[in-house]
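For reference, the structure discussed in these notes is given below.
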Amino acid sequence: FNSIFQKGVQKLHKIKKYHAAASEKRKIDTYSALIRVSEDFVQAAKRYGAIIVSEVYLPKERKTIRPDSSVGGVIGGEKYKVHNILFKFAIDSSNVFGGNHELAAKVAGLELKGLQAYFSMDHPELCYPLMTLIDYKGFRLVASSLLPIGGDSLKYGSQDAAITIHKDLDPLTKAIESVSARLNLKRHNCGKDK
């Protein structure tokens with residue numbers, strides 16, 4: 001999903017930058033392709049998410065889709081990878097929110113809203129995954145397309161509930177600050193040294 005989506009977004013950026021007079025048909029075709037891949041992603045996420053939730057109480061060895069311990073991060077309980085989609089439970093498994101799973105579900109919703117806001121700023125140097133929320137049988141899952149990253153690749157953000165904050169790459173930081181300014185977001189401190 002991710003590679004098709006990123007190619008479509010790049011094509012859209014090129015049309016906007018270099019082909020201001022691009023035909024309406026070309027623009028419509030590009031937007032239609034993005035809509036199709038997004039719809040396919042949501043349908044696949046719903047299908048696999050329903051399986052993950054339905055088997056949540058089964059022992060690991062009996063699950064159709066097994067948890068993937070290689071995925072880092074503190075919030076989100078067990079994580080799953082299937083067909084290039086990452087699933088995270090929106091629960092407070094690490095007691096970051098005082099055990100309040102409802103707050104964890106709200107944070108998942110805000111994560112999606114934040115992604116939508118940044119994506120809408122249409123910055124050609126920033127790429128975002130496809131993402132959707134799945135609410136099923138009282139559980140909330142965050143599903144996002146797997147990005148072509150791995151190992152110690154986090155460059156901006158936190159994977160340990162703001163104990164460590166990464167902001168390594170100057171061009172990346174500048175791009176994020178540019179988009180954040182357009183969204184009227186102010187720089188703030190977070191983590192243990194507030």
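The values are calculated or read from the model by the stated rules, or taken from the named source; none is laboratory data. Quantities reported herein were computed from a predicted structural model and do not represent experimental measurements. So basically every Cβ, Gly included, is an ideal-geometry build from the backbone, and we count neighbours across all protein chains shown.
There is no residue in the stretch 56-71 that is within 28 Å of Tyr31 (Cβ to Cβ) and either assigned to a loop (DSSP other than H, G, I, E, B) or touching a residue at least 60 places away in the same chain (Cβ under 8 Å) (or both). Kindly indicate whether Asp135 is within 18 Å of Val107 (Cβ to Cβ) and either in contact with a helix residue (DSSP H, G or I) (Cβ under 8 Å, 6 or more places away or on another chain) or at pLDDT 90 or above (or both). When the stated conditions are applied, Asp135 passes them. Of the residues making up the stretch 140-154, those that are at pLDDT 70 or above and either surrounded by 12 or more Cβ atoms within 10 Å (Cβ to Cβ) or acidic (Asp, Glu) (or both) are Arg140, Leu141, Val142, Ala143, Ser144, Ser145, Leu146, Leu147. Looking only at the stretch 90-113, residues that are part of a helix (DSSP H, G or I) and either surrounded by 13 or more Cβ atoms within 10 Å (Cβ to Cβ) or of a type in the set (Phe, Trp, Tyr) (or both) come to 10 in all.
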